[in-house]
Protein chains: 2
Amino acid sequence: MITLTERQSLILKAIVRDYTEGGNPVGSKSLVEELPMKVSSATIRNEMARLEDLGLIVKTHLSSGRIPSIKGYRYYVDHILTPEKVDNRDLKVIQHSLGGEFHKIDEIVAQSADILSQLTSYTTFTLRPELKDSRLSGFRLVPLGNHQVMAILVTNNGDVENQTFTIPNDLSGDELEPVVRFIDDQLIGLPLQDVLAKLQQEIPLKLSHYLQDPDGFLDIFGSVLSKAASERFYVGGKLNLFNYTSLQDPKEMRSLYSLLDQTDNLANVIGSPGQHIQVRIGNEITNDLLKDYSLITATYDVDQHGQGIIALLGPTAMPYSRMIGLMGAFQRELARKLLDYYRYFDE
Amino acid sequence: MITLTERQSLILKAIVRDYTEGGNPVGSKSLVEELPMKVSSATIRNEMARLEDLGLIVKTHLSSGRIPSIKGYRYYVDHILTPEKVDNRDLKVIQHSLGGEFHKIDEIVAQSADILSQLTSYTTFTLRPELKDSRLSGFRLVPLGNHQVMAILVTNNGDVENQTFTIPNDLSGDELEPVVRFIDDQLIGLPLQDVLAKLQQEIPLKLSHYLQDPDGFLDIFGSVLSKAASERFYVGGKLNLFNYTSLQDPKEMRSLYSLLDQTDNLANVIGSPGQHIQVRIGNEITNDLLKDYSLITATYDVDQHGQGIIALLGPTAMPYSRMIGLMGAFQRELARKLLDYYRYFDE
DNA sequence: TTTAGCACTTAACTTAATGGAGTGCTAACA
DNA sequence: TGTTAGCACTCCATTAAGTTAAGTGCTAAA
């Protein structure tokens, strides 16, 4: 367990700030002017040597200034930093852009990713509140003619999922009705997870009373259901990658970029953060492609509607205190907006 | 009007080929070995000087080898090149990947963009056949409970478009039925364009017999309708940009990339190509961001179902003959597949 | 018309020189 | 014991100079 003196702490803080703002290694002389106490550059050099021994700062070459190491950022984030109060203008932007009327949760969540990336110039990820508590509240089969049927699934949270299928023989609404009614009787009100489970056990058997070939129908129902139960990260500010990356090689650039495109893979990268705002720096991120970046993740709580996730990817040299402040604001504002949205369907 | 001698033509052809394959300016000595006739490098130098006078090739500096100019590529494409027969393996790939079963036209069109970009390592754009001949074949309003209604629109080509709306007061199916029936009577069978037109004229008046407040309903219907009538390019191989661009500056990279993201803007860039395969090179493309690239565009015909567009963006130094061959193959295969698809709904 | 020969140009690479920023260490000082 | 001034040292970045290889245009002869 590392403990720093007051002065060492101030020096580390100043190094992190300078490097984050200017992007250049920080030397002892420039620190003399910035530190609140009156000490010579030699003294600072001595302290810096100690910070280096502790592994908190490193040199880029033998006689260069210092930059924070991963460990240094870590210490800074854990013990020195205080979250910055969100700028009033930023807060206005957030509230205004979430203030409009939305027809889908996904729109709200996607919009959040966009705003956050706009405010930070980094790349952001958002995940809607978990669906595990969602319940099936309605199922429809709408014959469209021409061998097509649309299956629609509604949850108690107002989520609507639909898919169109091509079927060998046209069906009339009358033929479909008993099946839909059966589904309604048996499954409405159950959590989606349970519906998925039942779908593999008792339902096929019972359904065979109503339909000669229940398999086709079950495929359809299952397909919409799993689409509704799937969880997808929204990515905002993908293009911002160009701002903060130091990569030159187009090949690496490409593979990084395509990582951001594989939204189904992002869950592995981001994981499930705890209650508080979590910062992972450099190689603390499990994915090798991101070992030179930092990832800030946080959950947000929407009462009994479960938790969602917001995340922020940027350079290791990012203004952590401002970013953490912003994440906090988003936690609150997004939760509030969604609570508002859900209330509409709870009535 | 430029006319080249047989020998000049062969030299230009060789320069284009060499530069396209190797990426380096081509000198007179290396051409000696490649040309089918027996001439010295000095002779080739003389010919090259003439080609340069004509503006077909240029030097990168006073004593460098030559590279084709825009005008040179133009001449090559117009007078020298012969489309390459499509590799059998490539044809298999195309046919196989379009061979599967699709539930939506958009899936086929998007898939085509992906395959073509995969085969070429460039970026591709595809547009589905024009909708102008599509006719409205069905309209549904499905109440979902919780203040939500889904509007579904079906065309005679099997296109399905849907959108969910939040409405102030819940409506039952019974209330909606006369409205839907009215729409069916008045509008089914008409081309979408005509439907759009009528929607702004006679319909609102007549509809007021059935509904107290037709405006809300018309908004809904109009919204789905315009969604169905909107034409969107699919973009394939966006990431391939990293392969063929020579840009270093992340800022330019970014603006180029975001051009590809604005799918609604692409129509301006791509235009409406004529019957044949059209090649635009460098500054022949109207968009300034693309002045260092080449764009190959072509239409494909699906009989009475209208025309679609495929396009290919790559470096000016691209193997035109192979690319034009591939575009030809796609014209045929995509048209065939779509004809097949439509036939299903024509029955 | 073609060709050999040659002087000339340029990019790309290597090497050397210089200045500046920063460090660690030593010795003196409070 | 902690702090400071001074100094030798290191490394990067930039500039300058030199070298090589590829390629050209031009001239004069075949």
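None of the figures in this text is laboratory data; all of them are computed from the coordinates on show. Predicted, not measured: the structure shown is a model, and the values here were computed from it. Quick reminder, even Gly has a Cβ in these numbers, built from the backbone with ideal geometry, and neighbours come from all protein chains shown.
Taking the C-alpha atoms only, the angle from helix B:6-22 to the longest principal axis of chain B is near 60 degrees.
Taking other residues whose beta carbon is less than 13 angstrom from the beta carbon of B:ALA267, and scoring Lys, Arg as +1 and Asp, Glu as -1, yields -1.
The trypsin sites (Lys or Arg not before Pro) found in the stretch B:120-153 that occupy coil by DSSP, while having at most 15 further C-beta atoms within 10 Å, are B:LYS132.
In plain terms, the residue of A:THR43, B:THR60 with the fewest other Cβ atoms within 10 Å comes first and the most crowded comes last, giving B:THR60, A:THR43. In terms of its alpha-carbon gyration tensor, the protein assembly as shown comes out oblate; a/c meets the 1.5 threshold, while b/c is at least as large as a/b. If you wrap the Cα atoms of chain A in a convex hull and average its projected area over all directions, you get 22.6 nm².
Past 27 Å, Cα to Cα: identify those pairs from A:LYS227/B:LYS227; A:LYS59/B:LYS251; A:LYS92/A:LYS132; B:LYS206/B:LYS227, in the order given. Where the Cα-Cα span goes over 27 Å, the pairs concerned are A:LYS59/B:LYS251; A:LYS92/A:LYS132.
Neighbour counting of Cβ atoms within 10 Å sorts the residues B:ARG280, A:ARG332, fewest neighbours leading, into A:ARG332, B:ARG280.
Where a ≥ b ≥ c are the square roots of the eigenvalues of the C-alpha gyration tensor, would you call the stretch A:6-80 rounded, which needs a/c under 1.5, or, failing that, prolate if a/b is larger than b/c, or oblate? Rounded is the answer for the stretch A:6-80, as its axis ratio a/c remains below 1.5.
Helical content alone sets the calculated 222 nm signal of chain A at -14500 deg cm²/dmol, taking -39,500 (n - 2.57) per DSSP H segment of four or more residues and averaging over every residue. Angle of helix A:88-99 to the longest C-alpha principal axis of chain A, folded into 0 to 90 degrees and rounded to 10: 10°. How would the stretch A:136-229 be classified by its alpha-carbon gyration tensor: rounded, prolate or oblate, with rounded meaning a/c under 1.5 and the a/b versus b/c comparison settling the rest? Here the stretch A:136-229 falls in the oblate category. Local charge for A:GLU6 was computed over the other residues whose Cβ lies under 14 Å away, with Lys and Arg +1 and Asp and Glu -1, and equals +2.
Peptide B:147-157 is shielded by partner chain Cβ atoms: per residue, an average of 3 of them sit within 10 Å of its Cβ.
Inter-chain Cβ neighbour count for B:236-246, averaged per residue, equals 3 (cutoff 10 Å, partner chain atoms only).
Could you tell me the calculated FRET efficiency between A:THR3 and A:ASP106, based on Cβ-Cβ distance and R0 = 35 angstrom, to the nearest 0.05? Rounded to the nearest 0.05, the efficiency is 0.15.
Each of B:MET327, A:MET253, A:MET1 has some number of other Cβ atoms within 10 Å of its Cβ, and from fewest to most they run A:MET1, A:MET253, B:MET327.
Projected onto planes of every orientation and averaged, the convex hull of the alpha-carbon atoms in the stretch A:58-185 covers 15.2 nm². Highest mean first, the peptides B:80-89, A:65-74 sorted by other C-beta atoms within 10 Å per residue fall in the order A:65-74, B:80-89.
Between the helical axis of B:250-261 and the longest alpha-carbon principal axis of chain B there is an angle of about 50 degrees.
Summing charges over all other residues whose Cβ lies under 14 Å from the Cβ of B:ARG336, with Lys and Arg as +1 and Asp and Glu as -1, gives -1. Per-residue mean of foreign Cβ neighbours for B:248-261 is 3 (Cβ atoms of other chains, 10 Å radius).
Each of the peptides B:102-109, B:18-25, B:157-164 was scored by the mean count of other Cβ atoms within 10 Å over its residues; in descending order, highest first, they stand as B:157-164, B:102-109, B:18-25.
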